[in-house]
Amino acid sequence: MTGPGSAHRVGDIAAEQAGMLHRVHQLAAEAARLQHHVQSAANNSATRIDILAQIAALDRDRDLTEIQARARGVPRSWVDLARRVGQTGDAWTDEQLLPTPLPKTKRRSIARVIADTTQLIDMAAITVAREHLLATSGVSGEPEPAAAQQVRRNMVAIWTRAVATATSIGMGRTQRADISRTTVDDLEQRLGHYLQYSLEDLDPQWRRYTTATIAAAVRRSLASLRRTDRGTNTANTDTDGEHPPTPKALLAQARHALRTTVVDRSESGAGTQIGAAITDALPHMAAYCWDCDIDTLVSGTAAPQAHRDTGPDP
């Protein structure tokens with residue numbers, strides 16, 4: 001076993017951790033392989049849908065494996081490396097060098113912050129991909145305002161819990177920055193994945209986040225956090241840049257990624273009118289669904305106070 005500050009190799013670490021990293025690499029590599037088949041199956045709708053379903057299942061399995069790995073003490077930088085190596089198609093061996101990990105502190109609670117941030121990234125990517133597909137289908141407004149409102153509530157609740165947890169455990173600037181560092185890349189990757197869906201195929205993925213039980217479960221866990229940590233002010237959710245990105249920030253990043261990839265690509269060829277239509281439609285869709293209450297959240301109010309145990313959402 002290597003000592004503190006020395007170089008780490010996969011063959012030097014515990015077998016359980018090495019196995020989890022291998023699994024992350026394997027799932028990422030298989031998803032990347034299937035991505036190549038999506039393009040070749042463009043004219044075969046049934047095959048394309050089947051491949052996309054396989055990729056989605058692989059991504060969900062990898063997400064869970066990554067969360068479990070971090071909860072069991074595998075450094076995030078090692079997990080990120082295993083995923084990147086798998087996505088590029090390179091081999092993963094016992095001789096693979098691993099970066100020196102950050103100091104470990106309160107791993108279970110940090111895993112909660114990581115899991116919440118990962119879920120927020122997925123929700124933002126699905127939301128913006130859906131906006132794009134609605135706009136290109138000629139839909140000028142939100143067709144399901146109640147469901148979209150619930151997604152917004154759920155995102156705000158999850159962000160609130162992530163911040164409250166980070167505050168409760170005294171997570172430092174370095175740890176918070178480490179969690180947030182790869183957010184943009186992860187968000188762009190997920191957005192690119194969901195943009196390959198049709199609106200019909202994406203709908204079941206989006207509806208997973210429209211249930212009020214998500215916010216209700218968050219409220220219960222927040223209440224439990226306050227009961228077990230009465231000496232810490234978990235309502236301190238100032239937005240000084242050290243917290244997980246807010247829902248509004250994640251959505252803005254996703255929309256920026258959409259404009260700089262999908263729209264720019266369409267405007268460079270024959271799709272200029274489509275690109276212009278998307279650009280015109282998205283700001284309206286965004287304002288209709290999200291802006292008002294998120295502005296209130298990031299203006300300095302104590303967000304956790306908005307999610308006390310007051311019963312189920314109407």
Of the residues in the range 1-40, those that are surrounded by fewer than 16 Cβ atoms within 10 Å (Cβ to Cβ) and either touching a Ser or Thr at 6+ places or on another chain (Cβ under 6 Å) or at pLDDT below 75 (or both) come to Met1, Thr2, Gly3, Pro4, Gly5, Ser6, Ala7, Asp12, Gln39, Ser40
When Gly73 is run through (1) over 20 Å from Ala15 (Cβ atoms); (2) among the small types (Gly, Ala, Ser); (3) not in a helix (DSSP H, G or I), the failure sits at (1)
Subset of the range 193-214, residues part of a loop (DSSP other than H, G, I, E, B) and not hydrophobic (A, V, I, L, M, F, W, C), comes to Gln196, Tyr197, Ser198, Arg208, Tyr209, Thr210, Thr211
Only one of (1) of a type in the set (Val, Ile, Thr); (2) assigned to a helix (DSSP H, G or I); (3) modelled with pLDDT of 90 or more; (4) open to solvent by 50 Å² or more (accessible area, probe 1.4 Å) does not apply to Thr93, and that is (2)
Among residues of the range 167-213 being at pLDDT 85 or above and small (Gly, Ala, Ser), the residue nearest to Leu52 (Cα to Cα) is Ser198
For Glu142, the lone unmet condition from (1) without any contact (Cβ under 8 Å) to a residue 12 or more places away in the chain; (2) of a type in the set (D, E, K, R); (3) touching a Cys at 6+ places or on another chain (Cβ under 7 Å) is (1)
Pairs returned, first residue in the range 9-25 that is within 11 Å of Ala82 (Cβ to Cβ), second residue that is open to solvent by 50 Å² or more (accessible area, probe 1.4 Å) and not in a helix (DSSP H, G or I), beta-carbon separation under 6 angstrom, 6 or more apart or interchain, are Val10/Asp94
If you go through Ala217, Ala223, Ala162, Ala177, the only one that is assigned to a helix (DSSP H, G or I), open to solvent by 20 Å² or more (accessible area, probe 1.4 Å), of a type outside the set (Val, Ile, Thr) and touching an Asp or Glu at 6+ places or on another chain (Cβ under 8 Å) is Ala177
By residue number, the members of the range 44-83 that are surrounded by 17 or more Cβ atoms within 10 Å (Cβ to Cβ) and among the aliphatic types (A, V, I, L, M) are Ile51, Leu52, Ile55, Ala56, Leu58, Ile67, Ala69, Val74, Val79, Leu81, Ala82
Scanning the range 138-159 for residues that are over 18 Å from the mean Cα position of the chain (by Cα) and aliphatic (A, V, I, L, M), the one least open to solvent (accessible area, probe 1.4 Å) turns out to be Ala147
Residue hits (the range 54-98; free of Cβ contacts under 8 Å to residues at least 12 places away in the same chain and more than 20 Å from the chain's Cα centre (by Cα)) are Asp90, Ala91
Considering residues that are more than 24 Å from Ser221 (Cα to Cα) and touching a Phe, Trp or Tyr at 6+ places or on another chain (Cβ under 6 Å), the number found within the range 142-189 is 1
Check: Residue check: is Ala135 closer than 24 Å to Leu195 by Cα, out of contact with any Leu (no Cβ under 8 Å at 6 or more places or on another chain) and either surrounded by fewer than 22 Cβ atoms within 10 Å (Cβ to Cβ) or among the hydroxyl-bearing types (Ser, Thr, Tyr) (or both)?
Finding: no
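The values are calculated or read from the model by the stated rules, or taken from the named source; none is laboratory data. As the structure is a computational prediction, the values presented were derived from the model and not from experiment. FYI the Cβ positions are ideal-geometry reconstructions off the backbone, even for glycines, and counts take in every protein chain you see. Keep in mind that these areas ignore ligands, DNA and RNA; they rest on the heavy atoms of the full protein, side chains included. Shrake-Rupley method; radii C 1.70, N 1.55, O 1.52, S 1.80 Å.
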